[in-house]
1. Which Rg and Dmax, in Å, describe the Cα atoms of segment 360-430?
2. Once you put a point 7 Å from the Cα of Leu294 and another 7 Å from the Cα of Arg177, both along the Cβ direction, what distance in nm separates them?
3. What is the gain in length, in nm to one decimal, between Leu445 and Glu333 on full extension, counting 0.36 nm per residue of separation less the C-alpha to C-alpha distance?
4. Taking a label point 7 Å from the Cα of Arg98 along the Cα→Cβ vector, which residues of segment 170-211 have an amide N closer than 18 Å to it?
5. Hey, what angle do you get for helix 78-92 against the long axis of the chain, alpha-carbon based, 0 to 90 degrees rounded to 10?
6. Please give the charge dipole size of the chain, origin at the Cα centre, charges +1 on K and R Cβ atoms and -1 on D and E Cβ atoms. Round to the nearest 20 debye.
7. Round to the nearest 0.05 the FRET efficiency obtained for Arg419 and Leu124 when R0 = 35 Å and r is the Cβ-Cβ distance.
8. At 7 Å along Cα-to-Cβ for each site, give me the label-to-label distance between Gln87 and Leu430 in nm.
Amino acid sequence: MPDRGLPRELWAIWWNAILLLRPAFSRLRTFMWFATAVAGLTVRVELLGVTSIVRALNLRPGLYTKLLDHFHSSGVDLDRLSALWAQVVLQLFPGLVRVNNRLVLVGDGIKTPKRGKKMPAVKLLHQQSESNTKPEYIMGHSMQAVGLLVHAANSVFSVPLAVRIHEGLVWSNRDKRTLLDKMLGLLDILAIKAPFYFVADAYYAAGKMVSGLLDQGNHLVTRVKSNAVAYAPAPPKKGKTRGRPKLYGKKIKLKSLLADSRSMQQVASPVYGERNVTLRYRVCDLLWRPAGRLVRFVAVIHPTRGACILMCTDTSLSAVDIIRLYGLRFKIEHSFKQATRQIGSFAYHFWMKDMIPLRYRNGNQYLHRKSADYRSRVKRKMRAYHAFIQAGVVAQGLLQYLAVAAPKLVWDSFGSWLRTIRPGIPPSELVVAEALRQTLPDFLLTPSKSNSLSKFIAERQDAQNMRIFRLAS
């Protein structure tokens with residue numbers, strides 16, 4: 001059984017961290033319900049929406065509707081909460097990944113299945129995956145997410161910052177924004193003042209993305225498709241001739257950079273987790289027409305994974321750093337896995353009772369001809385989805401923070417067994433969640449004057465069903 005002093009220490013660190021988000025809420029009670037929801041998402045053992053939060057914290061059954069009202073409340077300023085959470089992450093985590101004195105952000109999209117006929121923004125989605133366990137088409141929500149890379153002992157975490165549903169609803173027939181515009185908008189919401197590299201897959205290799213990042217003093221690191229082309233700088237004109245000087249010279253197919261692999265440079269693989277692997281690469285600065293400027297291309301040949309062509313808008317960044325940064329892009333996919341299977345950040349089930357039922361294989365829902373009242377109800381439901389997702393984002397980030405800030409305390413509170421514990425690797429979200437789960441009863445039954453959350457939850461627990469908490473304590 002964990003020592004009685006440990007729960008107060010572990011939960012005290014957790015509480016002091018989430019307390020930094022208090023300015024994002026207009027009322028203390030709204031913040032306390034948010035912290036309660038985050039605590040429930042952290043310690044629950046089943047991913048069944050708000051019901052599992054009530055069971056995990058042993059709340060009175062009548063408070064189920066209170067939690068529902070909280071997620072639908074207009075008192076939660078989502079944009080301010082996301083921006084403040086980004087600042088809290090920058091403040092809490094000591095080992096931020098920096099390259100050329102720039103932070104490293106990763107972005108990607110995720111599609112979650114939703115079959116509710118009365119859930120706004122659900123549409124038919126195509127899954128581009130090489131896994132044969134995924135169906136090619138699903139009905140669900142299409143989201144985009146941004147994470148921040150941080151060092152954790154000998155490992156690297158992608159700490160989630162914000163996730164938004166970016167497809168499924170068309171509010172105006174004059175709205176021409178693409179997913180790239182919405183990703184740039186999500187980065188603007190985070191309001192990160194420090195310069196950063198944004199690492200993303202080939203979908204984001206577009207001129208709109210490049211110009212949007214460069215306008216803010218940031219840079220893009222991505223992969224380009226094998227059929228992409230670039231241009232050599234035009235040779236200087238000889239003498240005076242009429243017309244504007246040429247900008248683009250000879251057209252170059254980028255896959256030609258992979259030819260003649262013997263002439264490429266060799267380097268020990270800087271990719272995360274690889275040992276005794278030698279890569280071949282070639283660097284070339286060319287004009288890329290979508291960006292309208294000189295960018296750096298790195299053609300890489302991996303002995304087992306094949307070849308790819310990377311691109312970076314910062315021509316001062318070395319090829320080895322470009323390879324290393326893109327090799328960390330998968331960390332956000334690992335973060336998605338934890339959010340889906342451990343936290344349940346996308347396991348919401350909020351239905352809109354008066355919504356026009358969706359048909360199977362339905363596409364976008366066009367709302368520009370709907371009544372103002374119907375549109376406001378759809379916006380309310382979308383705000384509930386995003387509030388639930390942001391609570392999951394904060395829950396996952398706090399688990400990662402405890403793994404980095406207090407690994408010994410986590411292991412001492414774990415109270416279970418693992419077959420292998422790798423030295424130099426911080427505890428996973430599962431281990432930290434189990435440590436918090438083991439120490440939750442003692443934390444709630446021995447409230448501290450400096451911690452109002454334990455009192456807030458204890459006063460709302462089901463007094464007739466406290467047997468499991470008394471046994472655990």
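Just so you know, all these numbers are worked out from the coordinates, no wet-lab data involved. No experiment lies behind these values; they were computed from the predicted model shown. Cβ placement follows ideal geometry from the backbone for every residue including glycine, while neighbour counts extend to all protein chains displayed.
1. Both quantities, over Cα of segment 360-430: 21.3, 59 Å.
2. If labels sit at Leu294 and Arg177, their model points lie 3.5 nm apart.
3. Stretched fully, the Leu445-Glu333 segment lengthens by 36.5 nm.
4. Correct set: 192-198.
5. Approximately 80 degrees, to the nearest ten.
6. It comes to approximately 1940 debye.
7. Plugging the Cβ-Cβ distance into 1/(1 + (r/R0)^6) gives 0.25.
8. Inter-label distance under the simple model: 3.7 nm.
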